[in-house]
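Enquirer: Take this structure, written in structure tokens, and hold onto it; I'll ask about it next.
The values are calculated or read from the model by the stated rules, or taken from the named source; none is laboratory data. The shown structure was predicted, so the numbers you read here are calculated from the model rather than taken from an experiment. Glycine also receives a Cβ, built like all others from the backbone with ideal geometry; neighbour counts cover every protein chain displayed.
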Amino acid sequence: MASPHRFAPGGKRRRLWLTLPLVLLLLLLLPLAASTALYALRGGNLTGDWTRASRAATGQAPDPAKTPEAVIQVYAARAFGWRGAFGVHMWFALKPENAASYTRAEVMGFGVQRGARAVRVAPGIADGQWFGNTPEVIAEWRGGEAALLIPRILKAAHDYADGDRYTIWPGPNSNSFIAAVARQLPELRLALPSNALGKDYLGPGRLFAPAPSGTGWQVSLWGLLGLTLARDEGIEINLLGFVLGLDVTDAALKLPGFGNIHLLGSRP
């Protein structure tokens, strides 16, 4: 006769609590391993010299000489070196009406330990490669809407609470900055790629916040563990800063390292 304790409810619960962490660990590690292998096979720069990496324009930004209207673009490019296997670096490219060049607003860690500010707002190549990695346009605004938004984005960048701090993981980093600006301007409806590591960092002592898109809410423990429920982001589970999730609206699966994988082809 079977032991009376074999199928005890308590035993099932214990097995569940042992199995669940293992499943989550596999869901985290397997995509990261696959993303790293694919990044290397595609020629990703895992250990290269950043001083020789390209920052050249990629032809995605409208030519200021031919585009009098205001333009805002948000870019994401694979991070430099081994970090590119796991995540992206993001920035704003801003061109006011009739301006002859673009201003980039972003966070960078270079020089912060020597006293430089992490937030950099300066003229730059809007669509430049990020140390050899070609960026993707995540969002764009033009005309009167862009003209109204540019000064507000610049103010949010100036007021960014972590403007003098930079930590690669879990944040605050370049993606924490973009997410913070997006939360200040919910009309942007800016949903960051799920492999924008650091986007869920809310700062010490802050557990709840609107999702960056402004279409839902998130809870996050120092950017290391959390949950986002939002119309534009969908469902996102944050494990150690990496995201597992599903966006039903865009039919996208979200995997660590890979980011948003659109199941029905290109993003509309």
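Enquirer: Quick one: which of Trp82, Trp17 is in a helix (DSSP H, G or I), over 22 Å from Ala191 (Cβ atoms) and at pLDDT below 80?
Expert: Values: Trp82 fails: at pLDDT below 80.
None of the other options fit; the residue is Trp17.
Enquirer: Right, something else. Suppose the filter is surrounded by fewer than 18 Cβ atoms within 10 Å (Cβ to Cβ), of a type in the set (Gly, Ala, Ser) and without any contact (Cβ under 8 Å) to a residue 40 or more places away in the chain; does Gly143 pass it? Walk me through how you get there before you give the answer.
Expert: On the way: surrounded by fewer than 18 Cβ atoms within 10 Å (Cβ to Cβ): yes; of a type in the set (Gly, Ala, Ser): yes; without any contact (Cβ under 8 Å) to a residue 40 or more places away in the chain: no.
Taking the combined requirement at face value, the residue does not satisfy it.
Enquirer: Please indicate, with yes or no, whether at least one residue in segment 126-140 is touching a residue at least 40 places away in the same chain (Cβ under 8 Å), buried (at least 20 other Cβ atoms within 10 Å of the Cβ) and among the hydroxyl-bearing types (Ser, Thr, Tyr).
Expert: No, segment 126-140 contains no residue that is touching a residue at least 40 places away in the same chain (Cβ under 8 Å), buried (at least 20 other Cβ atoms within 10 Å of the Cβ) and among the hydroxyl-bearing types (Ser, Thr, Tyr).
Enquirer: Part of a loop (DSSP other than H, G, I, E, B), of a type outside the set (Gly, Ala, Ser), out of contact with any strand residue (DSSP E or B) (no Cβ under 7 Å at 6 or more places or on another chain) and in contact (Cβ under 8 Å) with a residue 24 or more places away in the chain: does that describe Thr36?
Expert: For Thr36, the condition - part of a loop (DSSP other than H, G, I, E, B), of a type outside the set (Gly, Ala, Ser), out of contact with any strand residue (DSSP E or B) (no Cβ under 7 Å at 6 or more places or on another chain) and in contact (Cβ under 8 Å) with a residue 24 or more places away in the chain - is not met.
Enquirer: Which pairs do you get when a residue that is touching a residue at least 24 places away in the same chain (Cβ under 8 Å) and within 11 Å of Ala126 (Cβ to Cβ), found in segment 84-107, comes within reach of a residue that is aromatic (Phe, Trp, Tyr) and surrounded by fewer than 22 Cβ atoms within 10 Å (Cβ to Cβ), reach meaning Cβ atoms under 8 angstrom, with the pair 6+ apart or on two chains?
Expert: none
Enquirer: Being polar (S, T, N, Q) and surrounded by fewer than 17 Cβ atoms within 10 Å (Cβ to Cβ) is the requirement here; does Thr103 meet it?
Expert: No, not satisfied.
Enquirer: I've got another one for you. Right, Ile150: over 19 Å from Val88 (Cβ atoms), β-branched (Val, Ile, Thr) and in a helix (DSSP H, G or I) or not?
Expert: Working: over 19 Å from Val88 (Cβ atoms): yes; β-branched (Val, Ile, Thr): yes; in a helix (DSSP H, G or I): yes.
It is true that Ile150 is over 19 Å from Val88 (Cβ atoms), β-branched (Val, Ile, Thr) and in a helix (DSSP H, G or I).
Enquirer: Turning to a different aspect of this structure: Going through segment 227-246 one residue at a time, which ones are in a strand (DSSP E or B) and either touching a helix residue (DSSP H, G or I) at 6+ places or on another chain (Cβ under 7 Å) or buried (at least 22 other Cβ atoms within 10 Å of the Cβ) (or both)? Reasoning before the result, please.
Expert: Step one: list which residues in segment 227-246 are in a strand (DSSP E or B), which gives 227-230, 234-239, 242-246.
Matches in segment 227-246: Thr228, Gly234, Glu236, Asn238, Leu239, Phe242, Val243, Leu244.
Enquirer: On to the next question. Can you tell me which residue among Leu197, Leu190 is in a loop (DSSP other than H, G, I, E, B), surrounded by fewer than 24 Cβ atoms within 10 Å (Cβ to Cβ), in contact with a helix residue (DSSP H, G or I) (Cβ under 7 Å, 6 or more places away or on another chain) and modelled with pLDDT of 95 or more? Please lay out each step first, then the result.
Expert: Numbers: Leu197 fails: surrounded by fewer than 24 Cβ atoms within 10 Å (Cβ to Cβ).
Exactly one of Leu197, Leu190 is in a loop (DSSP other than H, G, I, E, B), surrounded by fewer than 24 Cβ atoms within 10 Å (Cβ to Cβ), in contact with a helix residue (DSSP H, G or I) (Cβ under 7 Å, 6 or more places away or on another chain) and modelled with pLDDT of 95 or more, namely Leu190.
Enquirer: Go through (1) more than 30 Å from Pro31 (Cβ to Cβ); (2) outside any strand (DSSP E or B) and name the single condition Leu94 misses.
Expert: (2)
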